[in-house]
Structures are given as C-alpha cells and as structure tokens.
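I have placed the structure first, in the form of structure tokens, so that the comments after it can refer back to it.
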C-alpha cells in the first residue's frame, strides 16, 4: 500500500477506519457488536499508529445517557444499561503506519 505522509504524520490517500468495540448482546440474547469507527483522516497519531481518539469508558457513559430507546433502535439489549464497560469483551482496531496494516488490540 503506497501513499504519501501529510505534515501531521497521517497517510494521505488511505481508505479505512479505526475504532473501538465490544462484543455485547442483542435483544434476542445473541452476540452483537457495539462500537465506534472513524476514517483514517480523522484518526489520532499515537507513535506509529493511527487510532480513534475516543475511549471505551467515555463512549459507554454516552451510551448509558442515550438510554434504552437508542439501544433498541440498534437492536441491542437495554440490559447493557445496568452493566459497566469492562463487563464485556472489548478491543480496538488501529492502523500501523510502518508495516501499513490494521491490527486488533484486546
């Protein structure tokens, strides 16, 4: 994958997303993904990585404030509102600018 670096260290011309996620349950009790992803162009540089500037804790608290209707609209269980962000398996997808690859961190 070839591209040029911009002055802030981001790779221009790259298409992809980075973000964070959890494996949670949907309204039927099946595994589902809750998370947030952003384009590379909006990512934050962290050493040789492009990463989402947000974090699990802040997003979870925002999800709880949005409430049950927000979760239902996404077919997710309202039971999530009575749990904490660290109760569910979670991870992060980052982009390494050196080998030019996506990685999943957990």
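Coordinate-derived values only; no laboratory data. Bear in mind that the values here come from a model prediction, so they are computed numbers and not experimental data. When we count neighbours, we look across all protein chains shown, and the Cβ atoms used for this are built from the backbone with ideal geometry, even at glycine.
By the gyration tensor of its Cα atoms, with a ≥ b ≥ c the square roots of the eigenvalues, what is the shape of segment 15-105: rounded for a/c under 1.5, prolate for a/b over b/c, or oblate? Intermediate values should be presented prior to the final figure.
Values: a/c = 2.44, a/b = 2.19, b/c = 1.11.
Verdict is prolate for segment 15-105.
Which FRET efficiency value, to the nearest 0.05, do you get for residue 78 and residue 41 by plugging their Cβ-Cβ distance into 1/(1 + (r/R0)^6) with R0 = 25 Å? Could the numbers behind the result be given before it?
Details: r = 34 Å, r/R0 = 1.37.
That pair, residue 78 with residue 41, gives E of 0.15.
Under a crude label model (7 Å from the Cα following the beta-carbon direction), how far is residue 87 from residue 25 in nanometres?
1.0 nm
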